[in-house]
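Please read the structure below before turning to the comments.
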Amino acid sequence: MLRISRIVSVQLYFIPVQTRVPLKFGQETLTSVTCARVRVSITTRTGHVAEGWGETPLSVQWAWPGALPYQRRHELMKAFCRDLATAWLNSKVEGHPLEIGHAFLNSTLPLLLDSFNQNPTPSDPAANSPAEPMPHLAALICNAAFDLALHDAFGHLAERPVYETYGPDFLESDLAEFLEPAEGTRISFENRFPCDFLTPRPTRHLVAWHLVGGLDALDTAELTGTEPRDGHPLLLGDWIVRDGLQCLKVKLRGNDAAWDYNRLIRVGQIGQGLGVVWLSADFNCTVTDPVYVNSILDQLRDEHPRIFGMLLYVEQPFPYELEHHQIDVHSLSSRKPLFLDESAHDWRMIRLGRALGWNGVALKTCKTQTGAILSACWARAHGMALMVQDLTNPMLAQIPHVLLAAHAGTIKGVETNSMQFYPAASEPEAAVHPGLFQRRHGQLNLETLHGHGFGYRLNEIQRTLPSPDIDLCQ
C-alpha cells in the first residue's frame with residue numbers, strides 16, 4: 001500500500017491581498033488579508049517523490065477576535081506559520097495524509113501552540129509572549145495550508161484526485177481509528193472509510209451563496225461616494241441580477257435585535273423581488289442567550305412568514321469556545337436548523353454540540369482538510385446536516401473549498417464570496433478556472449478541475465510568487 005515516509009522540503013509564502021470594500025467581522029472590519037501558501041515535497045520508502053500545494057487566508061479578525069492590536073495578532077499568526085513549517089519538516093510521518101494529519105492535530109499542534117503561547121517566538125525575538133494566548137481556531141488556520149499541501153502531494157504520488165484516495169485501497173486505518181460515536185447510539189465506524197460518507201458522484205455545479213456583509217449597501221442612499229468604480233456591483237440588488245443569485249447569507253450583529261430583525265426583512269424583501277429563494281442568518285458569535293435569536297425568529301414568523309420560510313438555517317450565534325459556553329440550544333434548533341461553525345474545531349466538538357441541541361455543521365477547509373473530512377464523516381453518521389462555509393477564499397484556497405462542498409453533500413451548495421471582496425486577487429487562477437471565480441446563473445462551475453491532487457493545474461496558472469518566507473529541506 002502506498003505510504004508517505006518522509007517530508008523532504010517545505011516552503012512557506014505570504015501573499016498580501018487588499019479588499020475592494022470592507023468586510024465586517026463582529027466588532028472588527030477586514031480591509032486586507034495575508035494568504036499563507038505552502039509547498040511540501042514528500043517521498044516514499046521506495047524513493048518516489050511528489051509535491052503538493054495548500055493555501056488559506058490568515059483571517060485574523062475571524063480566527064482571533066481579541067484585545068491585542070490587529071497588527072500584533074497578524075504578525076503572531078505569521079510567526080506561528082513559520083514554526084509550523086519547521087514542525088512539519090521535523091515530524092516523524094508515515095502513512096496516508098489523513099493518518100498523518102490526524103496525528104499532527106492531536107499530538108504536535110497542541111504542544112506547539114502551548115509552547116508558542118508561553119514563550120516569545122524565535123521569529124519575533126523582541127516581542128514578549130502574547131498578552132492573550134492565540135486561540136486554537138487561529139492555530140488551525142495556520143496549520144491548514146500545510147495539511148492541504150500534504151493531501152495534494154499524496155494525490156500526485158498516487159496519481160489520483162485527492163477524493164479518490166479516501167478508501168481502503170489507500171487507507172490502512174478505518175474510521176474507528178479516528179472517531180468515536182456518540183453515547184447511546186448504535187453507530188460503528190469499524191470497516192467504514194471516508195468514501196462511505198462522501199458523495200460518490202459529486203456535482204460539477206454548485207449553488208453559490210452570496211455574503212451580505214454588515215457594511216454592504218442595500219440601496220443608493222447608503223453609498224458614500226468612496227466606493228470603488230471597478231466594474232463590479234456595489235448594491236445587493238445589482239449583485240443578485242448580475243450573478244443570478246438564489247441564496248444570500250446575512251451577517252447580523254447579535255447584540256442589536258432591532259437592527260438584526262430589520263436587516264433580515266430588508267434583505268429578504270430585496271431578494272424576493274429578484275428571485276432569491278433562500279436566506280441564512282449569521283449572528284457573528286456574539287449572542288449569549290437563545291432567547292435573543294428565538295425572539296427574532298418568532299417575530300419574523302408572525303409578521304413576515306414568507307421571509308421566515310426563506311430562512312434555510314441559522315449559523316453559529318453563540319461564542320466560539322463551546323466547552324466554556326455549553327448553552328442548551330434545543331429551543332432554537334427546533335425552530336430552524338442550527339449550524340456549528342467557529343466551534344466545530346473537530347468531531348469531538350461536534351459531538352458536544354449535538355448533545356447541546358445543534359443539528360448541523362458548517363465545514364471549512366481552513367480548519368484543515370483532515371479535520372473537515374473526519375468532521376463530515378462523524379456528522380453524516382449521526383444524521384447532522386452539512387454546509388461548507390467560506391473564509392473569503394481567493395486563489396488556490398478556493399479550489400479545495402469548493403471540492404469539499406461538492407463531495408460532502410451540503411444542505412445547499414457552497415458559500416463563496418472572494419469575488420465580492422477581492423476579485424482581482426484571483427485573476428491568474430480565474431484565467432484557468434473561470435467558473436470557480438465567477439458566479440453565473442447562481443452557480444459555480446467546477447468542470448475545469450481535473451487531474452491529480454486537488455486538480456489545481458498549477459502549470460497553467462501564470463502567477464509570480466514572492467520569495468518564500470521559509471524554505472526548508474532535509
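The values are calculated or read from the model by the stated rules, or taken from the named source; none is laboratory data. All of these numbers come straight from a predicted model, not from anything done at the bench. For neighbour counting, all protein chains shown are included, and Cβ atoms are generated from backbone atoms with ideal geometry for every residue, glycine included.
Here are the numbers:
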{"item": "Single match in 57, 69 (criterion: modelled with pLDDT under 95 and not acidic (Asp, Glu))", "result": "69"}
{"item": "Residue list for segment 427-437, filter: surrounded by fewer than 24 Cβ atoms within 10 Å (Cβ to Cβ) and touching a residue at least 24 places away in the same chain (Cβ under 8 Å)", "result": "428, 431, 432, 437"}
{"item": "Scan of segment 174-218 for residues that are of a type in the set (Val, Ile, Thr), over 25 Å from the mean Cα position of the chain (by Cα) and over 16 Å from residue 376 (Cα atoms), ordered by number", "result": "185"}
{"item": "Test set (1) of a type outside the set (S, T, N, Q); (2) touching a residue at least 60 places away in the same chain (Cβ under 8 Å); (3) touching a Ser or Thr at 6+ places or on another chain (Cβ under 8 Å); (4) part of a helix (DSSP H, G or I) - residue 93 fails condition number", "result": "(4)"}
{"item": "Residue match in segment 175-187 (condition: in contact (Cβ under 8 Å) with a residue 40 or more places away in the chain, under 30 Å from residue 14 (Cβ atoms) and part of a helix (DSSP H, G or I))", "result": "no"}
{"item": "Whichever residue in segment 247-262 is in contact (Cβ under 8 Å) with a residue 24 or more places away in the chain and charged (D, E, K, R) and, among such residues, is surrounded by the fewest Cβ atoms within 10 Å (Cβ to Cβ)", "result": "253"}
{"item": "Residue in segment 193-227 that is modelled with the lowest pLDDT, counting only those that are exposed (fewer than 11 other Cβ atoms within 10 Å of the Cβ) and assigned to a loop (DSSP other than H, G, I, E, B)", "result": "200"}
{"item": "Options 7, 15, 42; residue that is in contact (Cβ under 8 Å) with a residue 60 or more places away in the chain and either more than 26 Å from residue 402 (Cα to Cα) or outside any strand (DSSP E or B) (or both)", "result": "7"}
{"item": "Residue ID - nearest to residue 204 (Cα to Cα), chosen from residues in segment 426-457 that are in a helix (DSSP H, G or I) and under 18 Å from the mean Cα position of the chain (by Cα)", "result": "436"}
{"item": "Pair list, Cβ < 7 Å and 6+ apart or interchain, from segment 138-154 residues that are β-branched (Val, Ile, Thr) to residues that are crowded, with 24+ Cβ neighbours inside 10 Å", "result": "141/56; 141/58; 141/63; 141/366"}
{"item": "Options 150, 140, 198, 236: the member that is at negative phi and in contact with a Ser or Thr (Cβ under 8 Å, 6 or more places away or on another chain)", "result": "140"}
{"item": "Test for residue 336: is it buried (at least 24 other Cβ atoms within 10 Å of the Cβ) and basic (Lys, Arg)", "result": "no"}
{"item": "Count - residues of segment 20-60 that are among the polar types (S, T, N, Q), surrounded by 17 or more Cβ atoms within 10 Å (Cβ to Cβ) and more than 28 Å from residue 133 (Cβ to Cβ)", "result": "2"}
{"item": "Residues satisfying the stated conditions in segment 426-474, i.e. in contact with a strand residue (DSSP E or B) (Cβ under 8 Å, 6 or more places away or on another chain) and β-branched (Val, Ile, Thr)", "result": "470"}
{"item": "Search result, residues across segment 20-29 that are under 21 Å from residue 253 (Cα atoms), touching a residue at least 60 places away in the same chain (Cβ under 8 Å) and assigned to a strand (DSSP E or B)", "result": "21, 22, 23, 24, 25, 29"}
{"item": "Failed item in (1) surrounded by fewer than 18 Cβ atoms within 10 Å (Cβ to Cβ); (2) of a type outside the set (Asp, Glu); (3) closer than 22 Å to residue 173 by Cβ, with residue 119 passing the rest", "result": "(3)"}
{"item": "Verdict on residue 386 being touching a residue at least 24 places away in the same chain (Cβ under 8 Å), surrounded by fewer than 24 Cβ atoms within 10 Å (Cβ to Cβ) and not in a loop (DSSP other than H, G, I, E, B)", "result": "yes"}
{"item": "Qualifying residue in segment 256-273 (condition: in a loop (DSSP other than H, G, I, E, B), touching a Gly at 6+ places or on another chain (Cβ under 8 Å) and under 27 Å from residue 413 (Cβ atoms))", "result": "no"}
{"item": "Some residue of segment 333-356 being over 24 Å from the mean Cα position of the chain (by Cα), closer than 22 Å to residue 252 by Cβ and not assigned by TED's automatic domain parsing to the domain that holds residue 143", "result": "yes"}
{"item": "Test: residue in segment 66-73 that is under 20 Å from residue 152 (Cα atoms), in the same structural domain as residue 179 (by TED's automatic domain parsing) and not in a strand (DSSP E or B)", "result": "no"}
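Every residue, every condition in (1) in the same structural domain as residue 182 (by TED's automatic domain parsing); (2) crowded, with 20+ Cβ neighbours inside 10 Å; (3) farther than 30 Å from residue 102 by Cβ, yes or no:
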residue: 234; (1), (2), (3): no, no, yes
residue: 272; (1), (2), (3): no, no, yes
residue: 275; (1), (2), (3): no, no, yes
residue: 281; (1), (2), (3): no, yes, yes
residue: 285; (1), (2), (3): no, yes, no
residue: 290; (1), (2), (3): no, yes, yes
residue: 305; (1), (2), (3): no, no, yes
residue: 321; (1), (2), (3): no, no, no
residue: 331; (1), (2), (3): no, no, yes
